[in-house]
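The next block holds one structure in the form of structure tokens; read it before the comments.
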Amino acid sequence: MILLPAIDILEGKAVRLTRGEFDQRTVYDADPLDAARRWVQDGARRLHVVDLDGARSGAPVNLEHVRRITSGLEVPVQVGGGLRTIESVREVMRAGATRVVIGTAAYTDIDFLDEAVAEFEDHVVVSIDARAGKLAGAGWTEQTEIPIDAVIEQLGARGVQRYVYSSIDRDGTLEGPDLDGARRVAEAVRGTYAYSGGVSTLEDLRALVELRQVNLRAVIVGKALYEGRFTVAEAQAVLDE
């Protein structure tokens with residue numbers, strides 16, 4: 001299992017939101033590249049970058065920051081936020097992303113999803129963002145009543161192999177991971193996935209490891225790293241166990 005430090009970019013800065021609320025933000029770095037460089041120097045093997053402006057507007061906004069991160073650091077970078085057309089996906093890949101993370105459009109535009117999977121295969125990751133087990137979209141601003149299990153089943157039938165599961169209720173709260181949700185996603189996914197939301201201690205990471213779900217391959221962590229709850233190296237050592 002691998003640690004994915006999160007770099008969420010809003011208005012050109014590295015921030016963290018609480019429960020996905022744009023008006024509940026904390027700015028940690030004026031330059032997202034500084035955060036990316038810090039995590040890599042501490043041992044990060046991959047990075048998870050989210051263009052929050054793009055997620056809110058529906059098209060990539062922070063491509064220049066993506067280029068600076070991918071060109072300045074020698075680690076794979078997966079990028080999401082506002083990817084709702086095939087050209088947006090191509091732009092992010094041209095900016096140096098190793099994988100693209102698609103959210104809302106994966107459920108609302110089947111033709112787009114099919115085209116992205118056909119062109120980029122397992123470089124496509126679909127984000128399952130949920131509150132209370134139900135799918136949320138449009139940069140977490142729209143809530144549905146669709147159970148995540150049904151969504152994953154439909155996506156798998158269209159060839160999706162990689163996922164990110166984000167527990168919005170836990171995101172940015174440092175209240176611990178949604179272990180039940182992580183287990184539920186593991187049972188539904190026919191492929192691999194990364195977990196995100198609420199991790200605050202090394203014990204939280206151990207709890208995810210102890211789920212012993214072979215398709216849980218990564219944990220995305222943001223606020224706990226920014227606030228010094230543990231280091232990248234310490235976290236990766238736990239996940240390597």
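The values are calculated or read from the model by the stated rules, or taken from the named source; none is laboratory data. These figures come from a predicted structure and were not determined experimentally. Here the Cβ is made from the backbone with ideal geometry for all residues, glycine too, and neighbour counts use every protein chain on show. Quick note on the areas: whole protein, heavy atoms, side chains included, nothing else; ligands and nucleic acids left out. Shrake-Rupley method; radii C 1.70, N 1.55, O 1.52, S 1.80 Å.
Summing +1 for each Lys or Arg and -1 for each Asp or Glu, what net charge is found among the other residues whose Cβ lies under 12 Å from the Cβ of residue 37? So the surrounding residues net to -3. On full extension, the segment bounded by residue 57 and residue 237 gains 61.0 nm, given 0.36 nm per residue less the C-alpha separation.
With a ≥ b ≥ c the root eigenvalues of the C-alpha gyration tensor of the range 136-241, is it rounded (a/c under 1.5), prolate (a/b larger than b/c) or oblate? Judged from the Cα gyration tensor, the range 136-241 comes out oblate (a/c at least 1.5, b/c at or above a/b).
Assuming 0.36 nm per residue, please report the length gained on full extension of the stretch residue 114 to residue 227 beyond their Cα-Cα distance. Please report the intermediate quantities before stating the final value.
Values: separation 113, 0.36 × 113 = 40.68 nm, distance 3.93 nm.
Additional length available on full extension: 36.7 nm.
Database remark: amide H of residue 4 closer than 5 angstrom to the amide H of 219, 220, 221 (H placed geometrically; neighbours at sequence offset of 5 or more, or on other chains; Pro and chain starts carry no H). Taking 7 Å steps out from each Cα toward its Cβ at residue 121 and residue 27 produces label points 4.3 nm apart. 3J(HN,Hα) along the range 217-229, derived from phi through the Karplus expression 6.51 cos²θ - 1.76 cosθ + 1.60 where θ = phi - 60°, amounts to 10, 7, 10, 8, 10, x, 4, 4, 6, 4, 9, x, 5 Hz, with x in place of Gly and Pro.
Per residue, the accessible area of the chain comes to 42 Å² when a 1.4 Å probe rolls over the protein heavy atoms. Within the accessible surface of the chain, defined with a 1.4 Å probe on protein heavy atoms only, the carbon and sulfur portion equals 45 percent.
Of all DSSP beta bridges confined to the range 1-159, the antiparallel ones make up roughly 50%. The candidate values are [x] 16.6; [y] 10.8; [z] 12.4; the one derived from this structure for mean projected area of the Cα convex hull in nm² carries the label [y].
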